[in-house]
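The values are calculated or read from the model by the stated rules, or taken from the named source; none is laboratory data. Everything quoted here is computed from the prediction, not taken from an experiment. Cβ coordinates were reconstructed from backbone atoms using ideal geometry, including for glycine residues, and neighbour counts include every protein chain displayed.
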Amino acid sequence: MKINNYTLRFKTKKFMDFIDITDKVNNLIKKDKIKNGFVIVFSKHTTAAVRINEKEHGIYKDFEAFTKKILPHKQYYHHNDLTIRTENLVCDMGASDCLNGHSHCLHLLMGATSELVPIVAGKLALGAYQKLFLIELDRSRSREILVQITY
């Protein structure tokens, strides 16, 4: 068994930015000339998700509307209360960088750290309408995705 690791870097634009990363992952498989195996596509962030879904703008809008209903940005989150929060502080008091409790909760609900996809005949074995997405759950940020190909 062999394992190849790659890092893909992205700059997201906004909350609920859906970035289709399918071709980039397929290009890595093609570059390595892998015929059969599997690939793990892993988000290195707790406010960005990797998910498989259909590439259709209505779904993006529906999902954004749904998430705003169940996890409104303006709701009270303990994570955002800098008078009680003591862990992982990398911002100044009151800075919006830390006020993203809704993003962390959404990530937990999605179970969305990674996707595992078979490689068959040299490409991702996705269904007819399936694509791999990096989904921004917070705001515009630089993101890293680890792609691990095993064959």
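Data overview
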| quantity | calculated |
| --- | --- |
| Residue list for the stretch 1-43, filter: part of a strand (DSSP E or B) and farther than 14 Å from Ile119 by Cα | Asn5, Tyr6, Thr7, Leu8, Arg9, Phe10, Lys11, Phe18, Ile19, Asp20, Phe42, Ser43 |
| Qualifying positions in the stretch 100-150 - closer than 18 Å to Thr7 by Cα and in a loop (DSSP other than H, G, I, E, B) | Ala112, Thr113, Arg141 |
| The stretch 97-123 residues that are on the phi > 0 side of the Ramachandran plot, paired with ones that are buried (at least 18 other Cβ atoms within 10 Å of the Cβ) and part of a helix (DSSP H, G or I) (beta carbon under 8 Å, 6 or more apart) | Gly122/Ile29 |
| Verdict on Gly37 being closer than 12 Å to Leu137 by Cα and crowded, with 17+ Cβ neighbours inside 10 Å | no |
| Flag for Thr46 being within 17 Å of the chain's Cα centre (by Cα), under 30 Å from Tyr151 (Cβ atoms) and assigned to a loop (DSSP other than H, G, I, E, B) | yes |
| Count of the stretch 54-89 residues which are in contact (Cβ under 8 Å) with a residue 60 or more places away in the chain and farther than 14 Å from Met16 by Cα | 1 |
| The stretch 49-59, residues that are within 23 Å of His104 (Cα to Cα), assigned to a strand (DSSP E or B) and of a type outside the set (S, T, N, Q) | Ala49, Val50, Arg51, Ile52 |
| Search result, residues across the stretch 40-77 that are loosely packed, with under 14 Cβ neighbours inside 10 Å and either in contact with a His (Cβ under 8 Å, 6 or more places away or on another chain) or of a type in the set (A, V, I, L, M) (or both) | Ile59, Ala65, Ile70, Pro72, Gln75 |
| Test: residue in the stretch 89-111 that is modelled with pLDDT under 90, closer than 30 Å to Asn36 by Cβ and out of contact with any Cys (no Cβ under 8 Å at 6 or more places or on another chain) | yes |
| Residue within the stretch 68-87 that is of a type in the set (D, E, K, R) and part of a helix (DSSP H, G or I) present | yes |
| Every residue from the stretch 107-143 that is of a type outside the set (A, V, I, L, M), closer than 15 Å to Lys55 by Cα and over 19 Å from the mean Cα position of the chain (by Cα) | Gly127 |
